[in-house]
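Notes to accompany the following structure.
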Amino acid sequence: MRIRALAIRIINQFLRDKRTLALLFLAPLLILSLMKLVFDGQTVAPLIGTVRLPAALTEKFGQLGAELISFDTDAAAQAAIQAGDLDGVLQMGESGPQLMLEGSDPSINRAILLLVQNAVQTNGEGMAPAIAYLHGGPDMATFDSFGPILIGFFSFFFVFLLAGVSFLRERTSGTLERLLATPIRRSEIVVGYLAGFGIFTLLQASLIAWYSVDVLGLYMAGNIGYMLMINLLLSLTALTLGTLLSSFASSEFQIIQFIPIVIVPQAFFSGLFNLDAMNPWLQKLSMLMPLYYGADAMQGIMIRGEGWRDFQADVYVLAGFSLLFALLNVLALKKHRRM
């Protein structure tokens, strides 16, 4: 009887908690459906620019399934690869074939090298191309390519979790209610909490930047100050989003329930998986993900050595997300006190 009574009590608790039921039954279906859409997209072949390539060799590349764009001049091809529109440029020089790889993604580099090797050998050219890299190099590891994205992801994830749980404790302990009973404005409360938490997010961003570059030895072609700025902006976005969503949770467990909805999609659309391989309509969802912009800027800084003019749009978008979530935080406090 006692065992049955205890089991019935647990069952009733679950039935009353709709969020837990959704996490248990609907969240796995949502994530599996998203994975199906992500991994079951379109096939993407490396995009190679060609200059003065013999017709026979061009035909062989076509048989191997390569995507080629022909350029009339070396300068036009170099401009395209510098703009990130090409994965590589193959041209016939006086001394033989010359291959320039964009270099940001080691997996794409390997795919192009394999294509070129098969095309040249089977076409009877017999001469290996001279290989150069626009970014990175032959020793660049896969982790060097994914590292900038992982830095942003873990910064975003842990700050989101910390902010949500900490702000929730402020509410459940009664501290927030006591503050709201004073003449302090809602906007001042939000800014104050963000400033307090922000000190620790700054320390976290600095620690991660130093550890990734100096200890783990991640490839770093750009300015570490820019990298720190982007990481801090990502943390600030996670901070404002975490405090916002904590207003709709009544326990730490309910904060965890937001992870499949908020954090997991960020990973899918951050660049860890090839966005070009997804269906075009699905790619547009990445524009709603703060981590997409942070990862794009981090990769540009660390791998391609980009400057302010190259990633400033990502900075403005991340700042816009932070401002939007902060304003929504102010509005969310209305249900605790009207001013």
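The values are calculated or read from the model by the stated rules, or taken from the named source; none is laboratory data. Note that the structure is predicted; figures quoted are calculated from it, not measured. Note that we place each Cβ from the backbone using ideal geometry, even for glycine, and neighbour counts take in every protein chain shown. Surface accessibility is based on the protein's heavy atoms, side chains included, excluding ligands, DNA and RNA. Shrake-Rupley method; radii C 1.70, N 1.55, O 1.52, S 1.80 Å.
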>> Along the charge dipole of the chain, pointing to its positive end and built from +1/-1 on Cβ of Lys, Arg, Asp and Glu, which listed residue (Tyr226, Gly93, Gln254) has its Cα farthest out?
In response: Gln254
> Against the longest alpha carbon principal axis of the chain, how many degrees, from 0 to 90 and to the nearest 10, is the axis of helix 259-268 turned?
Replying inline: 10
> Which residue fluctuates the most in the chain, going by a Gaussian network model with Cα springs under 10 Å, if the choices are Ile112, Ile48, Ile131?
Replying inline: Ile131
> Taking the mean number of other Cβ atoms within 10 Å as a proxy for protection, how do you rank 316-327, 159-170, 279-290, 80-91 from highest to lowest?
Replying inline: 159-170, 80-91, 316-327, 279-290
> Given +1 on the Cβ of Lys and Arg, -1 on the Cβ of Asp and Glu, and no further charges, what dipole in debye does the chain carry about its Cα centre, rounded to the nearest 20?
Replying inline: 2760
>> Once you place label points 7 Å from the Cα toward the Cβ at Ala277 and Leu15, how far apart are they in nm?
In response: 4.5
>> With angles folded into 0 to 90 degrees, how steeply does helix 186-210 sit against the dominant principal axis of the chain? Use alpha carbons for both and round to 10.
In response: 40
> How large, in percent, is the carbon and sulfur part of the accessible surface of the chain at a probe radius of 1.4 Å?
Replying inline: 64
> At a Förster distance of 41 Å, what's the computed FRET efficiency of Leu202 paired with Ile3, Cβ-Cβ distance as r, to 0.05?
Replying inline: 0.20
> Along the Cα-to-Cβ line of Phe248, 7 Å from the Cα, sits a label point; which residues in segment 134-166 have backbone N less than 19 Å from it?
Replying inline: 157, 160-166
> Hey, rough spin-label estimate for Lys334 and Ile263, points 7 angstrom out along Cα→Cβ, what's it come to in nanometres?
Replying inline: 3.1
> Where in segment 76-160 are there GluC sites (Glu not before Pro) that are in a DSSP coil and have at most 15 other Cβ atoms within 10 angstrom of their Cβ?
Replying inline: Glu94
> Taking only protein heavy atoms and a 1.4 Å probe, what accessible area per residue, in Å², does the chain have with all protein chains in place?
Replying inline: 52
> Tilt of helix 224-246 relative to the longest C-alpha principal axis of the chain, in degrees (0 to 90, nearest 10)?
Replying inline: 40
>> Among DSSP bridges having both ends in the chain, what percentage is antiparallel? Round to the nearest 5.
In response: 30
